[in-house]
Amino acid sequence: MNFSPDLIGDVLLMLRYQFMVNAFEAGTLIAIIAGIVGYLVILRRSSFAAHALAHTGFAGAAGAVLVGTSPVFGLLLFTSFSGSAMAVLGKRATHRDMEIGTVLAFALGLGLLFINLYRGGVATATYSILFGEILGISADAVLGTFVAFLALLVVLALVYRPLLFSALDEDVAEAKGMPILGLNVIFMLLVAVAVSMAVQVVGVLLIFSLLVTPAAIAVRLSNRPRYAIGISVGVALAATWLGLFIAWYEPYPVSFFITSLVFGLYVLVRLGQWVLTRSVSRRADPSVLNSVPAS
Amino acid sequence: MLGARSPPSPSAAAPVVVARGLDAGYPPENVVWRDAEFTIERGEFVAVIGPNGAGKTTAFRLLLGLLPPLRGSLRVFDAPPERGSPKIGYVPQRHAIDFETHVRCFELVRLGHSGHRWGFPRSGRVEREAAWSALDAVGARSLADRPLSALSGGELQRIFLAEALVGTPELLLLDEPLSNLDLRRSRELVGVIHGVVRSHRITALLVAHDINPLIPYLDKVIYVANGKVASGAPGEVLTSERLSRLYGLPVEVLRDSRGHLVIVGGEEHTEGELGGGEDHHEGEASGGYGHSAGVP
């Protein structure tokens, strides 16, 4: 498809194709969830856990393909199970890395085995799990995504404040009677479902582009949680929509465009902030440079 | 929220904390200290002192209801300790906030008010006002919009204090609020704490390694060492002989030219050697302090 100046006409044309409508619908729901959950992932410093969940999801998806069901079920099953296991095993957030690494390596190995056992179109299945295949999403899958979307929003609204509180100040939250272990499990289940949804768009390997990078951009732009969540959702949405839009014209994978867009924005924000702080410190009194730094 | 307080309840005259024959520790084997007897009256400003790993934080965990007593009785506000009691404000010991925490201070203080509530947050005007007045009470209004990661140690302690005060507690438990602060900032912070505690008639317990900045304000000292807990008036506890025995090294209590007590401690102190047990859960023994009892 060639790029034309009539963008609105192009969009209308795109939306006459059911696979594009499905992709836009699912992409929108997933971007919103990934933006919100991603912010909590960053705040609770659990990006490694999210990464590991996606990898265990790979084993689940490969296993589901092997037994002939939808990869999403395998994803949900494996990510939920390993997420809860991670939450229960490592009580303190700072101590989780080793447990997570242990589970992660095992899961990848398991996924490899499943793929080897499978005698169908190995390459296609593997490829779409690893890198996402949003253009192939079915109307049924969109419906399932919508149900998961609603469920996650309800749970998030219920546990939002305790999750935030225990992320910032676990000791005080515990003293205030918050069930820290329970909150960890709930949080990991939220991440598990969000990961399972996002894998459809960007795949296991590129999961960070939706689940972490938008939130990483957001925390640099606002230190108010609600604004930051808004920005994070906005970035995820814009990247998904633009990625789909560009993929209409260009014969390259949507995941590549989404990943590049969020990465480009991240670099821009970092650069912008770097320039800003430099110009501020230049404008400051040069004698400051010679004085003793304030404690 | 910190302004008008309800009239004192009928139990206002009763002590805030009463411990009788209290044993603390982590089952089944690890008894940290035994047979503690102490009473804390309403409005008292109390220092909790003792070597690392002796069980000071363990005492806080008991008061907070996070750890059940092994034996004996402990009553807080004339009832067994209850986890999540709104009458207790707690500032745990911590060394720093992660430098990547891009969240403004105001949010943490606000969460101190409503962070333990489930359900979707509604308007939030009450909690915002509560957070502002707690910030005012500790003189930290100007820090509200700064990210937590950008604060100095003393500023962070003020924010933690505001976070604890925002729930209008009657008892404040502060675990080493002065660690990592220099002498001037320690004195400033103690001044702030004491001011708030007095003006709101809050009872306060502070764990401290360096009690010099606290001495002018203290009503009582609880000391934890060698598997025992005891308490007394500052004048009787803060003597060269008692403190030397407490820390197991020479400590001198002197009077400066203005008649103020000054504690001068030895330099060397091996962690945990005097303690009745290890505080695995608090990280109390992990800080590598090598603290003396006073200012070197």
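Residues in region B:29-37: is at least one out of contact with any Asp or Glu (no Cβ under 7 Å at 6 or more places or on another chain) and free of Cβ contacts under 8 Å to residues at least 12 places away in the same chain? Yes, region B:29-37 contains at least one residue that is out of contact with any Asp or Glu (no Cβ under 7 Å at 6 or more places or on another chain) and free of Cβ contacts under 8 Å to residues at least 12 places away in the same chain. If you go through region B:52-63 and keep only what is out of contact with any strand residue (DSSP E or B) (no Cβ under 6 Å at 6 or more places or on another chain) and part of a loop (DSSP other than H, G, I, E, B), you end up with B:Asn52, B:Gly53. Among the residues of region A:238-255, the ones that are free of Cβ contacts under 8 Å to residues at least 12 places away in the same chain and either under 19 Å from A:Ile33 (Cα atoms) or out of contact with any helix residue (DSSP H, G or I) (no Cβ under 8 Å at 6 or more places or on another chain) (or both) come to 2 in all.
Here A:Val269 fulfils each of the conditions (1) under 24 Å from the mean Cα position of the chain (by Cα); (2) among the β-branched types (Val, Ile, Thr); (3) modelled with pLDDT under 95 apart from (3).
Quick grid of which residues meet (1) aromatic (Phe, Trp, Tyr); (2) in contact with an Asp or Glu (Cβ under 9 Å, 6 or more places away or on another chain):
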| residue | (1), (2) |
| --- | --- |
| B:His194 | no, no |
| B:Leu205 | no, yes |
| B:His209 | no, yes |
| B:Tyr217 | yes, no |
| B:Tyr223 | yes, no |
| B:Ala233 | no, yes |
| B:Val237 | no, no |
| B:Leu246 | no, no |
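Taken together, B:Ser133, B:Ser152, B:Ser142 contain a single residue that is small (Gly, Ala, Ser), closer than 24 Å to B:Ala47 by Cβ, surrounded by fewer than 21 Cβ atoms within 10 Å (Cβ to Cβ) and more than 17 Å from the chain's Cα centre (by Cα), which is B:Ser152.
Results for (1) at pLDDT 90 or above; (2) among the aromatic types (Phe, Trp, Tyr), shown as yes or no for each residue.
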residue	(1), (2)
B:Gly21	yes, no
B:Val31	yes, no
B:Ala36	yes, no
B:Asp78	yes, no
B:Ile88	yes, no
B:Phe120	no, yes
B:Ser123	no, no
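In region B:191-217, the qualifying residues are those that are closer than 26 Å to B:Val76 by Cα and assigned to a loop (DSSP other than H, G, I, E, B), and the one that is nearest to the chain's Cα centre (by Cα) is B:Ala208. The residues on offer are A:Ala125, A:Ala141, A:Ala167, and the sole one that is touching a Lys or Arg at 6+ places or on another chain (Cβ under 6 Å), in contact (Cβ under 8 Å) with a residue 40 or more places away in the chain and surrounded by 13 or more Cβ atoms within 10 Å (Cβ to Cβ) is A:Ala167. As a summary of the residue check, B:Ala134 satisfies the conditions (1) in contact with an Asp or Glu (Cβ under 8 Å, 6 or more places away or on another chain); (2) modelled with pLDDT under 95 except for the one numbered (2). Apart from one condition, A:Val195 fits all of (1) of a type in the set (Val, Ile, Thr); (2) more than 14 Å from chain B (Cβ to nearest Cβ); (3) exposed (fewer than 13 other Cβ atoms within 10 Å of the Cβ); the exception is (3). Residues of region A:25-84 that are modelled with pLDDT under 95 and of a type in the set (Phe, Trp, Tyr): A:Phe48, A:Phe58, A:Phe73, A:Phe78, A:Phe81.
Residues that are hydrophobic (A, V, I, L, M, F, W, C), touching a residue at least 60 places away in the same chain (Cβ under 8 Å) and at the interface with chain A (Cβ under 10 Å from one of its Cβ atoms): find the helices (runs of 4 or more DSSP H) completely inside region B:85-190 holding 1 or more of those.
Values: elements: B:105-114, B:125-137, B:153-165.
Filter on region B:85-190 gives B:153-165.
The values are calculated or read from the model by the stated rules, or taken from the named source; none is laboratory data. Since this is a predicted model, take the numbers as computed values, not measurements. Neighbour counts run over all protein chains shown; Cβ positions are idealised from the backbone, glycine included.
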